[in-house]
Amino acid sequence: MPARINPSILAADFVNMERELGRIGTADLVHVDVMDNHFVPNLTFGPQMVERIQAVSPVPLDVHLMIADPDRWAPAYAELGAFSVTFHAEAAGEPVTLARTLRSMGARAGIALKPGTGVDSYLDLLPEFDQVLVMTVEPGFGGQSFITETMPKLRRLHEAVKASGLDVWLQVDGGITEETIVTAAEAGANTFVAGSSVFKAEDPAAAIRLLRETAARHIH
Ligand code: DX5
Ligand code: ZN
């Protein structure tokens with residue numbers, strides 16, 4: 001099974017973004033972390049910057065919105081042409097309505113769950129989403145350690161997706177390395193965000209290849 005590897009530019013050099021994007025041309029998508037210093041205690045960039053990233057990126061955008069009130073702000077990212085827009089379950093007022101809006105604008109719609117957020121109430125909503133993001137660290141910062149306790153949630157999602165026959169991508173984000181990617185793939189993930197382990201590598205293309213091949217051996 002193919003494994004998608006989405007490097008997170010949170011670990012890139014922000015003042016040399018175009019050059020940094022050039023180093024990950026073999027990735028599946030580029031993961032773009034939007035933070036508002038409100039939903040998470042960190043601040044990155046907004047739609048203006050994301051639009052420029054989109055213009056120079058060799059691969060399509062996987063936007064991860066760690067912002068309050070995504071019902072109001074998320075459609076702008078679909079509007080600028082992002083391939084995928086994921087918002088947080090904890091922040092959304094009307095997640096189904098928002099997902100439908102994003103899809104109607106041509107983007108894939110994703111819903112993200114913080115490590116402490118249960119999955120049960122979202123299983124029935126799977127047909128409304130193209131992706132579920134199981135956060136494997138507390139959102140806000142790169143370079144944290146993978147939280148293994150989130151894996152039972154991923155296993156439940158994997159079973160539910162399989163039973164439904166839907167093609168919902170299961171994404172993990174946070175602390176993904178050559179070791180933890182095995183754990184996540186075995187639990188049911190097929191889409192992997194990797195910040196530090198790609199951008200801090202001497203050869204990001206080699207890091208992407210290694211992560212992809214390692215995950216592919218354990219995806220089921
Ligand atoms: C964390 C972000 C992640 C982060 C992952 O809030 O959502 O995308 O960049 O970074 P690493 O891979 O370094 O844990
Ligand atoms: Zn992210």
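Rule-based calculations on the coordinates, nothing more; no lab input. These numbers were taken from a predicted model, which means no experiment stands behind them. Cβ placement follows ideal geometry from the backbone for every residue including glycine, while neighbour counts extend to all protein chains displayed.
Miscellaneous remarks
- When Leu123 is tested against (1) among the hydrophobic types (A, V, I, L, M, F, W, C); (2) outside any loop (DSSP other than H, G, I, E, B); (3) within 16 Å of ligand 2 (Cβ to nearest atom), exactly one condition is not met: (3).
- Taking (1) over 18 Å from the mean Cα position of the chain (by Cα); (2) under 17 Å from Asp120 (Cα atoms); (3) surrounded by 16 or more Cβ atoms within 10 Å (Cβ to Cβ) in turn, Glu159 satisfies each apart from (3).
- Filtering Ile176, Ile181 for residues that are outside any strand (DSSP E or B) and more than 15 Å from ligand 2 (Cβ to nearest atom) leaves a single hit, Ile181.
- Only one of the numbered conditions (1) among the charged types (D, E, K, R); (2) closer than 20 Å to Val161 by Cβ; (3) free of Cβ contacts under 8 Å to residues at least 60 places away in the same chain is violated by Arg19, and that is (2).
- One residue alone among Ala78, Ala92, Ala112 is farther than 13 Å from Asp62 by Cβ and among the small types (Gly, Ala, Ser), and that residue is Ala92.
- Single residue of Ser57, Ser84 found to be away from ligand 2 (no atom under 14 Å from the Cβ) and surrounded by 19 or more Cβ atoms within 10 Å (Cβ to Cβ): Ser57
- Residue in region 139-150 that is within 17 Å of Asn6 (Cβ to Cβ) and in contact with a strand residue (DSSP E or B) (Cβ under 6 Å, 6 or more places away or on another chain) present: yes
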